[in-house]
1. Take the Cβ-Cβ distance between residue 253 and residue 68 as r, set R0 to 45 Å, and report the resulting FRET efficiency rounded to the nearest 0.05.
2. Where Rh denotes the Kirkwood radius from the mean inverse Cα pair distance, what is Rg over Rh for the stretch 188-261?
3. Report the Cα centroid-to-centroid distance between the stretch 59-89 and the stretch 185-230 in angstrom, as an integer.
4. Using a 10 Å cut-off on Cβ atoms, rank the peptides 246-253, 183-190, 71-78 from the highest mean neighbour count down.
5. Go ahead and collect, in residue order, the members of the stretch 196-232 whose backbone nitrogen is under 13 Å from a label point 7 Å along the Cα-Cβ direction of residue 183.
6. Given a Förster distance of 41 Å, report the FRET efficiency between residue 156 and residue 210 from their Cβ-Cβ distance, rounded to the nearest 0.05.
7. Taking Cα atoms of the stretch 109-164, Rg/Rh with Kirkwood Rh, to two decimals?
8. At a Förster distance of 51 Å, what's the computed FRET efficiency of residue 89 paired with residue 193, Cβ-Cβ distance as r, to 0.05?
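No value in this document is a laboratory result; all are computed from the given coordinates. This one's a predicted model, so the numbers in the text were calculated from it and none came from an experiment. Methodologically, a virtual Cβ is constructed for each residue, glycine included, from the backbone with ideal geometry; neighbour enumeration extends over all protein chains shown.
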């Protein structure tokens, strides 16, 4: 799961005047929230909106489009009682990172307690007599600081190691966005009106989705690993076919399907970082921090005990 802003303006050279940088910084923007399928490496669904759109609203709107019993993996932006409750009521599961923007409770005695059990039960939900969400907290040692993950699944169905592995696979959506914005050339949209920019964004996503789908299908048909597809090489193969559409291929190796079967990632280790574009408003994101984990008060324990349906909630160790 990922959200991103895409500006609807053309880029320029790295060295820019103050006026050019201001113009670039104030360009109209579109908000894109994407569901990325980990297994296939392709987009599953997406929503667009103005730059002030909320990614949580986009996620809730896409819940009906999820396959049955889906496991959603997301970063710290997709948190909240309403969002998680919507996923659980629809029969889905999640592994989501939490930070300082989340307050969790311990020892609410709503379910069988163990060291990983935490609850999401904000004050407004308690006042409305809504049920607390029973979660399992998994702490993974990251590069610079620990990563706090919550899931609704018990350890018997999803171990701590599997939680860490699944969350690590989320990085694939970051790679897809880099492919879409840099390799596919959609960092800056060409359209000048908001409506045309939205259409351009939608059709660009469909175009990249189609190219990657064809490439992965051809790799699979040739007995190779579909995850080894190089989107850049697949794009070059399609571009070459379109440029030479009037020329009949002389050998099978020149046909599109054959070129797509050669569109694989390089095996050599990279020794220098990939090139990146200069951006005048490079974001200095504050650290996510750690979630606030508090012991439930006597009043909260009494409120939870008075709620109906307590026996229905059990999160096994």
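1. My answer for the efficiency is 0.60.
2. 1.08
3. Centre-to-centre distance over Cα atoms comes out at 24 Å.
4. Descending mean neighbour count gives 71-78, 183-190, 246-253.
5. Flagged as within label range: 208-216, 227-232.
6. Numbers: r = 40 Å, r/R0 = 0.98.
Step by step, r from the Cβ atoms, then E = 0.55.
7. 1.05
8. 0.85
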